[in-house]
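The values are calculated or read from the model by the stated rules, or taken from the named source; none is laboratory data. None of these values were measured; they are calculated from a predicted model. Methodologically, a virtual Cβ is constructed for each residue, glycine included, from the backbone with ideal geometry; neighbour enumeration extends over all protein chains shown.
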Amino acid sequence: MNDYLLSLILGIVEGLTEFLPVSSTAHLRLSELLLHISLSDGYWKMYSIVIQLGAILCLPVYFRSRITSFLSTFPSGESGNKTALTHPLGLTTVAFVVTAIPSFLLTKVIGKHLENISIIGWSLLIGGIVMWIVDAMHAKSEAAGPTGNSKIHTWKMEDMSLPQSIWIGFCQIFSAVFPGTSRSMSTIAGGQLAGMSRASALEFSFFVSIPTMAAATLYTLFKSLRGKGENPIGVSQIDAHGWIVLAIGFVVSFIVAYGSVAWFMAYVRKRGFAPFAVYRIIVGALVLVFAARLAG
């Protein structure tokens, strides 16, 4: 297949799945496998990092007004009752730190798991079941709204507490260690279990992903381009064709991810996460069957 077309396909896959609770890592790895891309090839490993960065960069653009508002009210908040730790930006930082330290220490374990199709399959399947159960538990409360007798006590990201932020950061570790779990799924389900509404948990999930994913992606990309780490590739080894392929994947991933985030924010407020849970269960089961055939 032509490399440009290949890059277009992978950019679309990354953009569509990065922020949906279906695991972009799983879909990208499976796409690379089905398209016969060598996972041991340093260039294509770096390519997957670059297109992920493209998807990440859509978030500051999409949430630019919210970010500007938070920056202007830091640290006391709009109501004046916040601190540097309890302000939305402080809570985002706390969740990032809680996730980042263990994830960094487990870098080697994470790297090994990324290549394991069985782990990806089980993570998709189990994560889908968990997401379905958690969302069903809160469906009536979501329908009742803030004025009803509800299990939900946090309807806006601005009303989050420090313990909720720490808990979500902890939940996010699972998505780093077990590819296929989905960082989005972990933070959303974790937020709902902590008494957050779908909308507030989803928005915080997006905000936490900005520093978390940017740090992990840039660190891995830096090592790869410096010719260090596993299957490295130095900048000098990339020719003009290689840079064009990277540019296509980066731009396509950014554009598709932006549209995906806009659609997802509107969809979830009305319909919840059940369809994504069902999708995860079906895909997870198919991946496990595929993994069993590869092993056999």
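Specify the residue that is nearest to S118 (Cα to Cα); the eligible residues are those in the stretch 266-296 that are of a type outside the set (F, W, Y) and in contact with an Asp or Glu (Cβ under 8 Å, 6 or more places away or on another chain). My answer is A277. When the stretch 209-258 is examined, which residues are found to be of a type in the set (K, R) and either modelled with pLDDT of 95 or more or surrounded by 15 or more Cβ atoms within 10 Å (Cβ to Cβ) (or both)? K223 - this is the single residue of the stretch 209-258 that is of a type in the set (K, R) and either modelled with pLDDT of 95 or more or surrounded by 15 or more Cβ atoms within 10 Å (Cβ to Cβ) (or both).
Of the residues screened, A201 is not one that is at pLDDT below 90, within 27 Å of L30 (Cβ to Cβ) and either touching a Lys or Arg at 6+ places or on another chain (Cβ under 6 Å) or in a helix (DSSP H, G or I) (or both).
Scanning the stretch 7-24 for residues that are farther than 26 Å from G191 by Cβ and touching a residue at least 40 places away in the same chain (Cβ under 8 Å) gives S7, L8, L10, G11, I12.
Checked against the criterion of being on the phi < 0 side of the Ramachandran plot, hydrophobic (A, V, I, L, M, F, W, C), crowded, with 20+ Cβ neighbours inside 10 Å and in contact with a Leu (Cβ under 7 Å, 6 or more places away or on another chain), the stretch 154-161 contains one or more residues that satisfy it.
There is no residue in the stretch 168-188 that is modelled with pLDDT of 90 or more, touching a helix residue (DSSP H, G or I) at 6+ places or on another chain (Cβ under 9 Å) and in a loop (DSSP other than H, G, I, E, B).
The rows are residues; the columns are (1) in contact (Cβ under 8 Å) with a residue 24 or more places away in the chain; (2) part of a helix (DSSP H, G or I); (3) under 12 Å from F207 (Cα atoms).
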position	(1), (2), (3)
S48	yes, yes, no
I51	yes, yes, no
G54	yes, yes, no
F70	no, yes, yes
N81	no, no, no
T86	yes, no, no
T93	yes, yes, yes
V97	yes, yes, no
K108	no, yes, no
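Take the residues in the stretch 1-20 that are of a type in the set (A, V, I, L, M, F, W, C) and assigned to a helix (DSSP H, G or I); name whichever of them is surrounded by the most Cβ atoms within 10 Å (Cβ to Cβ). Checked the stretch 1-20; the qualifying residue surrounded by the most Cβ atoms within 10 Å (Cβ to Cβ) is L10. Among residues of the stretch 21-33 being buried (at least 23 other Cβ atoms within 10 Å of the Cβ) and on the phi < 0 side of the Ramachandran plot, the one that is modelled with the lowest pLDDT is T25. Would you please list the contacts, defined by Cβ atoms under 7 Å and residues six or more apart or on different chains, that run from a residue in the stretch 255-278 that is within 23 Å of A144 (Cα to Cα) to a residue that is among the β-branched types (V, I, T) and surrounded by 13 or more Cβ atoms within 10 Å (Cβ to Cβ)? The qualifying pairs are F273/I188; F276/V22. With respect to (1) within 25 Å of R269 (Cβ to Cβ); (2) surrounded by fewer than 22 Cβ atoms within 10 Å (Cβ to Cβ); (3) touching a His at 6+ places or on another chain (Cβ under 7 Å), the lone exception for S69 is condition (3). Taken together, P102, P75 contain a single residue that is touching a Ser or Thr at 6+ places or on another chain (Cβ under 7 Å), surrounded by fewer than 16 Cβ atoms within 10 Å (Cβ to Cβ) and farther than 20 Å from V261 by Cβ, which is P75.
Every residue, every condition in (1) buried (at least 18 other Cβ atoms within 10 Å of the Cβ); (2) of a type outside the set (V, I, T); (3) in contact with a strand residue (DSSP E or B) (Cβ under 6 Å, 6 or more places away or on another chain), yes or no:
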{"site": "S118", "(1), (2), (3)": "no, yes, no"}
{"site": "G127", "(1), (2), (3)": "yes, yes, no"}
{"site": "M131", "(1), (2), (3)": "yes, yes, no"}
{"site": "V134", "(1), (2), (3)": "yes, no, no"}
{"site": "A143", "(1), (2), (3)": "no, yes, no"}
{"site": "S165", "(1), (2), (3)": "yes, yes, no"}
{"site": "F170", "(1), (2), (3)": "no, yes, no"}
{"site": "G180", "(1), (2), (3)": "yes, yes, no"}
{"site": "T187", "(1), (2), (3)": "yes, no, no"}
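Could you go through the stretch 25-36 and let me know if any residue there is acidic (D, E) and touching a residue at least 24 places away in the same chain (Cβ under 8 Å).
Let us first name the residues in the stretch 25-36 that are acidic (D, E), namely 32.
Filter once more, keeping what is touching a residue at least 24 places away in the same chain (Cβ under 8 Å): none.
Checked the stretch 25-36: no residue is acidic (D, E) and touching a residue at least 24 places away in the same chain (Cβ under 8 Å).
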